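The structure under discussion appears below in the form of structure tokens.
The values are calculated or read from the model by the stated rules, or taken from the named source; none is laboratory data. From a predicted model like this one, the values you see are computed outputs, not experimental measurements. Cβ sites come from the backbone with ideal geometry, for glycine too, and all protein chains shown count toward neighbours.
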Amino acid sequence: MKKSSFVALILGTVSGVLFALGMCMALLPEWDAFLEGVIFGGIGLILGLVTLLVWAKMEHKTLPKLNGKNVWRVLYTVVAVLVLGAGMCLCLVWEQIMWGTLVGLFGIVMLIGLIPMIKGIK
């Protein structure tokens, strides 16, 4: 494993955990830690951006361009992840196993659709 990949792995994991913990803290009323959750989530987001910058610098690569195609890919990814999460919520929170499974599978198919969208089909 290259050093840049290892650094990105560690920083990405830490930023993801901080963001996820922050969202749990902010959104679960039982924890009564909304402000702290927003702070942790913000730190996780900032660390995620720092991870991207550090990795690009170590790999001597430029950041992706901000064009319509990349914005569309990001929006599509966000919607696909939200659909998958909605399916999980249907199953786990509202106990709608059949609908949750169908919605979750649709979200997974949407995420798999990212592969040809980004890499293309040859």
Count, please, the residues in region 67-100 that happen to be of a type outside the set (A, V, I, L, M, F, W, C) and without any contact (Cβ under 8 Å) to a residue 12 or more places away in the chain.
6
Within region 46-56, can one find any residue that is under 30 Å from Lys119 (Cα atoms), hydroxyl-bearing (Ser, Thr, Tyr), surrounded by fewer than 16 Cβ atoms within 10 Å (Cβ to Cβ) and modelled with pLDDT of 95 or more?
no
Regarding region 44-52, can at least one residue be identified that is assigned to a helix (DSSP H, G or I) and more than 16 Å from the chain's Cα centre (by Cα)?
no
All-but-one check, Met98 against (1) loosely packed, with under 12 Cβ neighbours inside 10 Å; (2) of a type outside the set (Val, Ile, Thr); (3) at pLDDT below 95; (4) in a helix (DSSP H, G or I), failing number (3)
Are any residues in region 62-98 touching a helix residue (DSSP H, G or I) at 6+ places or on another chain (Cβ under 8 Å) and under 20 Å from Lys119 (Cβ atoms), and if so, which ones?
Thr62, Leu63, Pro64, Arg73, Tyr76, Thr77, Val79, Ala80, Val81
Residues of region 1-26 that turn out to be surrounded by 12 or more Cβ atoms within 10 Å (Cβ to Cβ) and not small (Gly, Ala, Ser), as a count:
11
When you go through (1) under 30 Å from Met1 (Cβ atoms); (2) surrounded by 12 or more Cβ atoms within 10 Å (Cβ to Cβ) one by one for Thr62, which number turns out not to apply?
(2)
Hey, among Phe6, Phe40, Phe19, which residue is out of contact with any helix residue (DSSP H, G or I) (no Cβ under 7 Å at 6 or more places or on another chain), among the aromatic types (Phe, Trp, Tyr), assigned to a helix (DSSP H, G or I) and not assigned by TED's automatic domain parsing to the domain that holds Ile115?
Phe6
